[in-house]
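Structure first, then comments.
The values are calculated or read from the model by the stated rules, or taken from the named source; none is laboratory data. Please read all numbers here as calculations on a predicted model, not as lab measurements. Positions of Cβ are generated from backbone atoms using ideal geometry, with glycine treated the same way; all protein chains shown enter the neighbour counts. Areas reflect the complete protein model, heavy atoms only, side chains present, ligands, DNA and RNA absent. Shrake-Rupley method; radii C 1.70, N 1.55, O 1.52, S 1.80 Å.
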Amino acid sequence: MDLPALFRRHATDIGSSLRARGVSADVAADITQDVFVKLLAGGGGTAVLHNPRAYLKRIALNLLVDRHRREPGAALVELSPDLLDEIADEAPDAERAAAARQRLAVVEATLAELPPRTRRAFEQHRLGERSLAEIAAELEVSTARVWAMVRDAYGHVKRRLDEHAE
């Protein structure tokens, strides 16, 4: 059983399902951690292999009930998905934000590797929303040449991002 892979695959989903039940983000994070500690301590056997998502969510709900019993003042509230969507925080979590910053850094470094005219054509087309014909006139090249430069830049950026993802 690959516990880190299970955590990466299911932790966010477990936390979201707990949040949908009205649990605060901090308590949901604590319970999610407890799920994997319990799994590490107890194994889980074939139940984990058969349906890990359901098994992990069941552990989380059991831990939530246990917590509610220990803290009777803590209310459990069922929230409908529509209501949850209205109050859900749309901001990316820290992990996604860090990954986005890393990808942006890769793109910036990759653009710096391009020949100056290719970079300029790409940036003006992609970021400046200028037409290929406008860029061709400014660079004094054909529209086909500008298209080739932009295409090459896209390919270069994609290759670097693919390398970074590995």
Subset of segment 95-124 (residues that are free of Cβ contacts under 8 Å to residues at least 60 places away in the same chain, open to solvent by 100 Å² or more (accessible area, probe 1.4 Å) and among the basic types (K, R)): R96, R101, R117, R120
Residue within segment 125-142 that is within 27 Å of H164 (Cα to Cα), surrounded by 12 or more Cβ atoms within 10 Å (Cβ to Cβ) and touching a Pro at 6+ places or on another chain (Cβ under 9 Å) present: no
Within segment 3-20, tally of residues that are surrounded by fewer than 16 Cβ atoms within 10 Å (Cβ to Cβ) and of a type outside the set (V, I, T): 7
Neighbours by Cβ (under 9 Å, 6+ apart or cross-chain): first from segment 19-41, touching a residue at least 24 places away in the same chain (Cβ under 8 Å); second surrounded by 19 or more Cβ atoms within 10 Å (Cβ to Cβ) and among the hydroxyl-bearing types (S, T, Y): L39/Y55
Criterion violated by A41 - all others in (1) of a type in the set (A, V, I, L, M, F, W, C); (2) modelled with pLDDT of 85 or more; (3) over 30 Å from G155 (Cα atoms) satisfied: (2)
Segment 78-94 - residue that is open to solvent by 100 Å² or more (accessible area, probe 1.4 Å) and in a helix (DSSP H, G or I) and, of those, modelled with the lowest pLDDT: I87
Pairs with Cβ under 9 Å, 6+ apart, first in segment 58-71 and part of a helix (DSSP H, G or I), second of a type in the set (K, R): I59/K38; L61/R21; N62/K38; L63/K38; L64/R21
Residue pairs meeting the criteria (Cβ under 7 Å; at least 6 apart or on separate chains; first at pLDDT below 85, in segment 1-18; second open to solvent by 40 Å² or more (accessible area, probe 1.4 Å) and of a type outside the set (D, E)): L3/L40
